[in-house]
Amino acid sequence: MSDTPNTPPPAKAPRQDWPEYFDQLALQCQNHWLHRYYAGGVVSGDTAMINTPLVAMDFETTGMNAAVDDIVSIGLVPFSLRRIFCRESAHWLVKPRQALTEGSVLIHGITHSDINAAPDLEVILEALLTAITGRILVVHYRHIERQFLAQALLERLGEAITFPVIDTMAIEHTVLRRRQGLVDRMLKRSPRGLRLGDCRERYGLPHYHAHHALTDALATAELLQAQIAYHFSEDTPLGELWL
Amino acid sequence: MHAEQLEIAGFLEKNPPFDELSQEALHELAQQVEVAYYRAGSDILNFAEPLQDLYVIRRGAVETYRRTGELYNRLSDGDVFGQMGLLMNQRVRFPVKAIEDTLVYCIPFEQFRDYCDRYETFADYFESESESSSLLRKAVSAQHDNNDLTTVKVKGLMPRELVTITNRASIREAAELMTANHVSSVLVVNQSQREADDPGLVGIITDRDLRERVLACGIDPASSVDQIMSSRIITLDDNAYVFEAMLLMLRHNIHHLPIVQRQKPVGVLALSDLIRHESQSSILLVRSIFKMSSIEELKAHARQLPAVFVRMVKEDANSHMIGSAMAVIGRSFKQRLLELAEQQFGPPPVDYCFLALGSMARDEQLIYTDQDNAMVLDDSYREEEHGGYFEQVAKFVSDGLADCGYAYCDGEVMATNPKWRMTLSGWKQHFSDWIDEASPQALLNSNIFFDLDGVWGRTDWAIDLRRFITHKSKNNRKFLASMARNALNRKPPLGFFKEFVLEKDGQHKDSMNLKRRGTAPLSDVIRVHALAVGSMAVNSFERLDDVIEAGLLPEGKGTDLSDALEYISIVRIRHQAKQIESRETVDNNVHPIHLTSFDRRNLKEAFQVVSSAQSFLKYRYNSNIPMK
């Protein structure tokens, strides 16, 4: 599940050579779908944000640990800095290989009977990869989406997946950190709430019901639009934001 | 893949007009939404930019402004904006700025339109919502905005420098001046008359004059220009619209129009300038009518008429322009036929004037119309001596018109009917009888005669007759009351609850006749007012101008009338254009189910205007009439 901890792990120096790296991955990978995804390429880091094709993604999961838990639902919303395109959005329920726990049912409201009718992730994988090909993924707390998708593919295709992301939580964390007083920073006190809803409130964005993968993806897309309007500009290069 | 946008649908559901939509419609709409975020202080919409969406404020606040920059409205959560621009011409009418951080849901235009068509309450909202002036007003003015001919003014396309020459110059000097300046015409001024407020414009010489009046006649080029210049000068103010220039040239069949600014000539507009501006095929059609040398040729030529009509409709001409162009074309056919008749039967034994009546006289003719016409003969006319000639001419013209697509008049209001070939005095007597006796019964079918225009011959007699009628009818209560009563005979097709009243059976079941139930009753109402104020105008819009100026109507009612007339006419015109394109028989019977919900609504409003105009007419002219 994507209910996230309040402090993200420290970011490593982000890689900037994603386009070259994708070319390389396209050559190395065995799976046909993955090959198509990598061959679809990625825009270069000097692309202005306004020209960057984006897609917000959110997973609901059976738990927090990618090694044992699995994906239950996926929401995708393609967008640009100007507009979020609901008509191209997608939402899938998938059957996890790990049983649902009572706790996770409470959080995302997806029940056993919903899941029983759902297909395995493998069935929708091609559609999912096609929808994100050529677009930069935008997530709130990247470790969930990155690790769960990598793990899910590893289990099903025998190969993981790697991709650049823009992480709205990481952006918010950095912004808040910069504004924090020196004492707070020295004491390593956590900045204010980094949950999706908390972040949105700071930009005057409305309250959305959390824990529905499609709504969360939409909420994330809106949050990025607001963050760019506040802290960056249309011309900010993608390379400053991706991780 | 069905991705339900729960948040968006959930929000829309709570706000009008979306709250009236079914769950299904709501979710379908939510899936089409685009979302955008604007930080406080940023511009959301700029004036005149193309507009693609209806905006719903999800969260935040915006201000909308008038074009002048003046604050127009402040909107917040759940409010919508952009609808006016979408309903009109898909351009931003009121610029919008975010005054707080604002998240908007954008509903694409196609979706918006589709929902207005599908859901009555949805459409209702945007109409009742619209500001002060009526939607009809807006629909009409938006159409006006879109059109080039009605918005481009003459001064906008006057490329030529003013070239003048004195009236004492020689023809050769004029020709040299024209050559040196690369112009096809020169204005002639009288130096001695010239004063501060009088430029002394006395004539115009064109290329054609040099050919026809100098070379062809062997006149000495050394003689003075006033020997050959045209001294009957028709001018137009530079503030006039290109469309008016076009009509003026068509009407007088001239190719050069001196343009004046506060009476002073500032240039000459040539027909070629107009053609370059708008490849207006109605101009070309009229020009070539006069080159046709037989009825056969005219008949073949007339086949282009539907295409010209359709093109004008597609170019978004308004009803006045189309009506005038069609009337000019019809008039040109008559003129050419009369020319041919005089060639065949010889020159007329006495002077006469050929009259156009009804819609053609009013410049409100549509594609095809009955040929309503008549003849005025000189008072020296003797039936036994001259009757045969005029009967032949009338028959020639009438048959020719029928060949060209103008049907014979059912009511026999044609010059072929001996009853409608009268001397000038005869006509005056006839009008006197109508006006003085003034029984509604006698006047029942005479409306058409009160809209008359001279087409050929002594056209000044038509003006004379008009003046006579105006003089006699102004302030003539009894006559006006009878005319008013007759103007109430045809009611607009609206029921008590503002629903359309449709034909119940027959060939035109479920349709309404926009001429009989719409434009005709309106023209009737306007005619009565025009006669009451002594207007000499014939065109309904021009009559209305006179009526408004005379202060006869309550504030704003005049504009309502002209908007209603324009709207009903244009729906009727578009209906006919559609029929022409699908090769159906052209008629005036419109089925409401074939109209968009916007047209339906606007039509209802327009009919409402007709209805209240009729009530006002009853009150204005029928009260206080002396009982006999």
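The values are calculated or read from the model by the stated rules, or taken from the named source; none is laboratory data. Small disclaimer: the values here were computed from a predicted structure and weren't measured. For neighbour counting, all protein chains shown are included, and Cβ atoms are generated from backbone atoms with ideal geometry for every residue, glycine included.
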Condition (residue is touching a residue at least 60 places away in the same chain (Cβ under 8 Å) and either of a type outside the set (Lys, Arg) or closer than 25 Å to B:Asp117 by Cβ (or both)) applied to segment B:43-62: is it met by at least one residue? yes
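Where in segment B:101-168 are the helices (runs of 4 or more DSSP H), entirely inside, with at least 3 residues that are crowded, with 16+ Cβ neighbours inside 10 Å and at pLDDT 65 or above? Reasoning before the result, please.
Numbers: elements: B:109-118, B:120-128, B:135-146, B:148-151.
Those helices (runs of 4 or more DSSP H) span B:109-118, B:120-128.
If you go through segment B:68-81 one residue at a time, how many are touching a Lys or Arg at 6+ places or on another chain (Cβ under 8 Å) and more than 12 Å from chain A (Cβ to nearest Cβ)?
Filtering segment B:68-81 down to residues touching a Lys or Arg at 6+ places or on another chain (Cβ under 8 Å) leaves B:72, B:77-78.
This time we only want the ones that are more than 12 Å from chain A (Cβ to nearest Cβ), so: B:72.
Summing the residues that are touching a Lys or Arg at 6+ places or on another chain (Cβ under 8 Å) and more than 12 Å from chain A (Cβ to nearest Cβ) in segment B:68-81 gives 1.
Evaluate segment A:201-208: report whether one residue or more is assigned to a helix (DSSP H, G or I) and either surrounded by 22 or more Cβ atoms within 10 Å (Cβ to Cβ) or more than 7 Å from chain B (Cβ to nearest Cβ) (or both).
Kept after step one, since they are assigned to a helix (DSSP H, G or I), are these residues of segment A:201-208: A:201-202.
Subset that is either surrounded by 22 or more Cβ atoms within 10 Å (Cβ to Cβ) or more than 7 Å from chain B (Cβ to nearest Cβ) (or both): A:201-202.
For segment A:201-208, residues assigned to a helix (DSSP H, G or I) and either surrounded by 22 or more Cβ atoms within 10 Å (Cβ to Cβ) or more than 7 Å from chain B (Cβ to nearest Cβ) (or both): present.
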Flag if A:Val94 is within 14 Å of the chain's Cα centre (by Cα), under 17 Å from A:His212 (Cα atoms) and either at pLDDT 90 or above or exposed (fewer than 13 other Cβ atoms within 10 Å of the Cβ) (or both): no
When segment B:427-460 is examined, which residues are found to be farther than 19 Å from B:Gln371 by Cα and either of a type in the set (Asp, Glu) or surrounded by 21 or more Cβ atoms within 10 Å (Cβ to Cβ) (or both)? B:Trp427, B:Asp433, B:Trp434, B:Ile435, B:Asp436, B:Glu437, B:Asp460
Give the number of residues within segment A:57-83 that are surrounded by 23 or more Cβ atoms within 10 Å (Cβ to Cβ), hydrophobic (A, V, I, L, M, F, W, C) and within 14 Å of another protein chain (Cβ to nearest Cβ). 5
Please enumerate the residues belonging to segment B:65-88 that are in contact (Cβ under 8 Å) with a residue 24 or more places away in the chain, farther than 21 Å from B:Phe122 by Cβ and surrounded by 16 or more Cβ atoms within 10 Å (Cβ to Cβ). B:Tyr65
Looking at (1) among the small types (Gly, Ala, Ser); (2) at pLDDT 95 or above; (3) in contact with a Pro (Cβ under 7 Å, 6 or more places away or on another chain), find the lone condition where A:Ala226 falls short. (3)
Name the residues in segment B:300-339 that are within 18 Å of B:Gln579 (Cα to Cα) and of a type in the set (Asp, Glu), would you? B:Glu315, B:Asp316
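Quick check, is B:Val214 buried (at least 18 other Cβ atoms within 10 Å of the Cβ), more than 27 Å from the chain's Cα centre (by Cα) and at pLDDT 85 or above?
Yes; evaluated as a whole, the condition is true for this residue.
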When segment B:28-62 is checked residue by residue, the ones that are facing another protein chain (nearest Cβ under 9 Å), crowded, with 17+ Cβ neighbours inside 10 Å and assigned to a loop (DSSP other than H, G, I, E, B) are B:Gln31, B:Gln32, B:Val33, B:Arg39, B:Gly60
Residues of segment A:38-53 being closer than 9 Å to A:Trp18 by Cα and under 17 Å from the mean Cα position of the chain (by Cα), which ones? A:Val42
Which residue out of A:His231, A:His212 is modelled with pLDDT of 90 or more, within 19 Å of A:Val72 (Cβ to Cβ) and within 11 Å of chain B (Cβ to nearest Cβ)? A:His212
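So which helices (runs of 4 or more DSSP H) stay within segment B:525-624 end to end and still have 1 or more residues that are of a type in the set (D, E, K, R) and touching a residue at least 60 places away in the same chain (Cβ under 8 Å)?
B:557-581, B:597-617
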If A:Gly103 passes every condition in (1) away from every other protein chain (no Cβ under 13 Å); (2) under 19 Å from the mean Cα position of the chain (by Cα); (3) more than 21 Å from A:Pro119 (Cα to Cα) but one, which one does it miss? (2)
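Restricting attention to segment B:470-493, does a residue exist that is on the phi > 0 side of the Ramachandran plot and surrounded by 15 or more Cβ atoms within 10 Å (Cβ to Cβ)?
No - not one qualifying residue is present in segment B:470-493.
In this structure, is B:Met360 within 22 Å of B:Ser535 (Cα to Cα), among the hydrophobic types (A, V, I, L, M, F, W, C) and assigned to a loop (DSSP other than H, G, I, E, B)?
Working: within 22 Å of B:Ser535 (Cα to Cα): yes; among the hydrophobic types (A, V, I, L, M, F, W, C): yes; assigned to a loop (DSSP other than H, G, I, E, B): yes.
Answer is yes for this residue.
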In segment B:213-256, the residues that are part of a loop (DSSP other than H, G, I, E, B), farther than 30 Å from B:Asn318 by Cα and out of contact with any strand residue (DSSP E or B) (no Cβ under 7 Å at 6 or more places or on another chain): B:Ala216, B:Cys217, B:Gly218, B:Ile219, B:Asp220, B:Arg232
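Among the residues of segment B:369-387, write down those that are surrounded by fewer than 19 Cβ atoms within 10 Å (Cβ to Cβ) and either within 17 Å of the chain's Cα centre (by Cα) or in a loop (DSSP other than H, G, I, E, B) (or both). Steps first, please.
Step one: of segment B:369-387, the residues surrounded by fewer than 19 Cβ atoms within 10 Å (Cβ to Cβ) are B:378-380, B:382-387.
If the condition is that a residue be surrounded by fewer than 19 Cβ atoms within 10 Å (Cβ to Cβ) and either within 17 Å of the chain's Cα centre (by Cα) or in a loop (DSSP other than H, G, I, E, B) (or both), then B:Asp378, B:Asp379, B:Ser380, B:Arg382 are the ones that fit.
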I'm trying to understand the selection: among the residues of segment B:409-426, which are of a type in the set (Ser, Thr, Tyr) and surrounded by 15 or more Cβ atoms within 10 Å (Cβ to Cβ)? B:Thr416, B:Thr423
Could you please let me know if B:Val242 is within 17 Å of B:Val260 (Cβ to Cβ), modelled with pLDDT under 85 and among the β-branched types (Val, Ile, Thr)? yes
Residues satisfying the stated conditions in segment B:433-454, i.e. under 22 Å from B:Ala537 (Cβ atoms) and not in a loop (DSSP other than H, G, I, E, B): B:Trp434, B:Ile435, B:Leu443, B:Asn447, B:Ile448, B:Phe449, B:Phe450, B:Leu452, B:Asp453, B:Gly454
